[in-house]
Amino acid sequence: MKLKPKYFEDFKVGLKFESEPNLISKEEIKDFASKYDPQSFHLDEKAASNGPFGQLTSSGFMTLGKSFTQIFEMGVYDGTSMGAWGIDELRWTKPVYPGDFLKTKIEVLEAKKSTKNPSKGTARLQHTVTNQNNVIVMTWISNQMLKTRPMNDVIKIFSWQQLRQHHRQTS
């Protein structure tokens, strides 16, 4: 589901949103592994059957990339993202297999406006990735830099609030 882009001020502690499920295919697992994580249990089904997971599995880095992409597909950062300054506490908790459907759930943990640059702030976000059985397969925390709301939007919102308050006082 496409969401409305959110500015820094919209990222209130406790805010939650989630992506649509995304299918993980055998072909993309092998393709990613051949380029970036060439371990046998990501590349070869026969070798994977004798490996630590008993079958072909996604690279954790591919799983992270898919989760990252899901966030952008939601539209929440459209025109407001200023990048990120890091990832904390990345954990791969269960293997991801071909045919799994992954969903990313996000919760705002912290939001801090920049003291040096009032046009941006950082939202610290907990990402929880689950499969079709609602089993957690990965968790990570991002430190997302976001634009603050443009001043003309703030003025419009403030003016609307003043108008509502005036209406209440005169009714």
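The values are calculated or read from the model by the stated rules, or taken from the named source; none is laboratory data. In this text, all values refer to a predicted model and were calculated from it rather than measured experimentally. Cβ placement follows ideal geometry from the backbone for every residue including glycine, while neighbour counts extend to all protein chains displayed. Calculation scope for accessible area: heavy atoms of the full protein, side chains included, ligands and nucleic acids excluded. Shrake-Rupley method; radii C 1.70, N 1.55, O 1.52, S 1.80 Å.
Below are the figures for this structure:
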| read-out | value |
| --- | --- |
| 1.4 Å probe accessible area per residue over segment 1-94, in Å² | 59 Å² |
| Value at 222 nm in deg cm²/dmol, rounded to 500, when DSSP H runs of n ≥ 4 in the chain each add -39,500 (n - 2.57) | -9500 deg cm²/dmol |
| Degrees between helix 60-74 axis and first principal axis of the chain (Cα, 0 to 90, nearest 10) | 30 degrees |
| At 1.002 mPa s and 20 °C, Stokes D of the chain from Kirkwood alpha-carbon radius, µm² per second | 118 µm²/s |
| Distant-in-sequence amide H partners of G75 (H built 1.01 Å from N, under 5 Å) | L3 |
| Max mean-square fluctuation residue, GNM over the chain, Cα-Cα springs under 10 Å, options N22, N143, N134 | N134 |
| Portion, in percent, of the accessible area of the chain that falls on carbon or sulfur, probe 1.4 Å | 55 percent |
| Loop sites in segment 27-103: chymotrypsin sites (Phe, Trp or Tyr not before Pro), DSSP, at most 15 other Cβ within 10 Å | F53 |
| Using alpha carbons only: equivalent-ellipsoid semi-axes of segment 79-127, gyration tensor based, whole Å | 30, 12, 10 |
